[in-house]
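Enquirer: First the structure, then my questions, so here it is.
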Amino acid sequence: DAGVTQSPTHLIKTRGQQVTLRCSPKSGHDTVSWYQQALGQGPQFIFQYYEEEERQRGNFPDRFSGHQFPNYSSELNVNALLLGDSALYLCASSPTGLAYEQYFGPGTRLTVT
Amino acid sequence: QQQVKQSPQSLIVQKGGISIINCAYENTAFDYFPWYQQFPGKGPALLIAIRPDVSEKKEGRFTISFNKSAKQFSLHIMDSQPGDSATYFCAASFIGNEKLTFGTGTRLTIIP
């Protein structure tokens, strides 16, 4: 049984560009959450998707947007990249009815130069 | 009120010893308290979690102790092994707002 998968593994972008990160949840999971983890810090909640809608959002600007597809996979989009957006972006999926029980993928390391 | 405070920042324990990491929270609405283990370059892995209706939960060598009145919870790793060397994060959330609020992490090193 495959766990949460994310792509790409690493990404290097230039300031001002746009980026799309992808996540496939564990089989049987229908809720996807995204987190940003800066080096040496704990993950910070960006937003959560359920039934193709954004259910909750953390304190991130509108430059961060997302989408969930009918197969429960999800994308995170970041526009107008800033140097401060360099971080590990983590996707977590949750079983039906247990949105608090979150299983993380390996993350995408984004470097903005 | 959403903060979760974690200590210590780093911890060195001898092989076979007990590792103890502590967390404190402010929001009494929190009702789910997981611990995650993270190795360098990897995503956090869910280790063990507790709800406030019990004071202790044990899974193998890992135990969570929960003190509702003090708003504190801790992770105990018994018989610590070099393979346990990692960063550990406590977190908290509550039903209806399932975003996880993480502590700042504890870097655990187990020495022979």
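Enquirer: Can you tell me which residues in the range B:66-99 are within 14 Å of another protein chain (Cβ to nearest Cβ) and not in a strand (DSSP E or B)? Step through it out loud before you land on a result.
Expert: Within the range B:66-99, the first condition is being within 14 Å of another protein chain (Cβ to nearest Cβ), and the residues that meet it are B:86-99.
Answer for the range B:66-99, where residues must be within 14 Å of another protein chain (Cβ to nearest Cβ) and not in a strand (DSSP E or B): B:Ile95, B:Gly96.
Enquirer: Now, a different point. How many of the residues making up the range A:83-100 are closer than 13 Å to A:Pro25 by Cα and not in a strand (DSSP E or B)? Outline the logic, then answer.
Expert: Taking the range A:83-100 as the starting set, the residues that turn out to be closer than 13 Å to A:Pro25 by Cα are A:90-96, A:99.
Then drop every residue that is not not in a strand (DSSP E or B), which leaves A:96, A:99.
Residues in the range A:83-100 being closer than 13 Å to A:Pro25 by Cα and not in a strand (DSSP E or B): 2 in total.
Enquirer: Out of (1) in contact (Cβ under 8 Å) with a residue 40 or more places away in the chain; (2) under 13 Å from the mean Cα position of the chain (by Cα); (3) within 13 Å of chain B (Cβ to nearest Cβ), what's the single condition that is false for A:Tyr49?
Expert: Unmet for A:Tyr49, out of (1) in contact (Cβ under 8 Å) with a residue 40 or more places away in the chain; (2) under 13 Å from the mean Cα position of the chain (by Cα); (3) within 13 Å of chain B (Cβ to nearest Cβ): (1).
Enquirer: Considering only the range A:1-22, state which residues are closer than 23 Å to B:Ala86 by Cβ, of a type in the set (A, V, I, L, M, F, W, C) and at pLDDT 95 or above.
Expert: Within the range A:1-22, A:Val4 is the sole residue that qualifies.
Enquirer: Now a separate question. Kindly indicate which of A:Leu88, A:Leu82 is more than 14 Å from chain B (Cβ to nearest Cβ), at pLDDT 95 or above and touching a Lys or Arg at 6+ places or on another chain (Cβ under 7 Å). Talk me through it step by step, then tell me what you get.
Expert: Working: A:Leu88 fails: more than 14 Å from chain B (Cβ to nearest Cβ).
Residue meeting the stated conditions: A:Leu82.
Enquirer: The conditions are (1) under 17 Å from A:Leu98 (Cβ atoms); (2) free of Cβ contacts under 8 Å to residues at least 40 places away in the same chain; (3) open to solvent by 50 Å² or more (accessible area, probe 1.4 Å); (4) within 10 Å of chain A (Cβ to nearest Cβ), and B:Ala49 fails exactly one of them. Which is it?
Expert: With respect to (1) under 17 Å from A:Leu98 (Cβ atoms); (2) free of Cβ contacts under 8 Å to residues at least 40 places away in the same chain; (3) open to solvent by 50 Å² or more (accessible area, probe 1.4 Å); (4) within 10 Å of chain A (Cβ to nearest Cβ), B:Ala49 is out only on (3).
Enquirer: Of the numbered conditions (1) in contact (Cβ under 8 Å) with a residue 12 or more places away in the chain; (2) under 13 Å from the mean Cα position of the chain (by Cα), B:Phe39 satisfies every one except a single condition; which is it?
Expert: All conditions pass for B:Phe39, except number (2).
Enquirer: Could you figure out which of (1) under 26 Å from A:Ala38 (Cβ atoms); (2) among the small types (Gly, Ala, Ser); (3) open to solvent by less than 40 Å² (accessible area, probe 1.4 Å); (4) without any contact (Cβ under 8 Å) to a residue 60 or more places away in the chain isn't true of B:Ser19?
Expert: (4)
The values are calculated or read from the model by the stated rules, or taken from the named source; none is laboratory data. Model, not experiment: these values are computed from the prediction. Neighbour counts run over all protein chains shown; Cβ positions are idealised from the backbone, glycine included. With ligands, DNA and RNA removed, areas are computed over all heavy atoms of the protein, side chains included. Shrake-Rupley method; radii C 1.70, N 1.55, O 1.52, S 1.80 Å.
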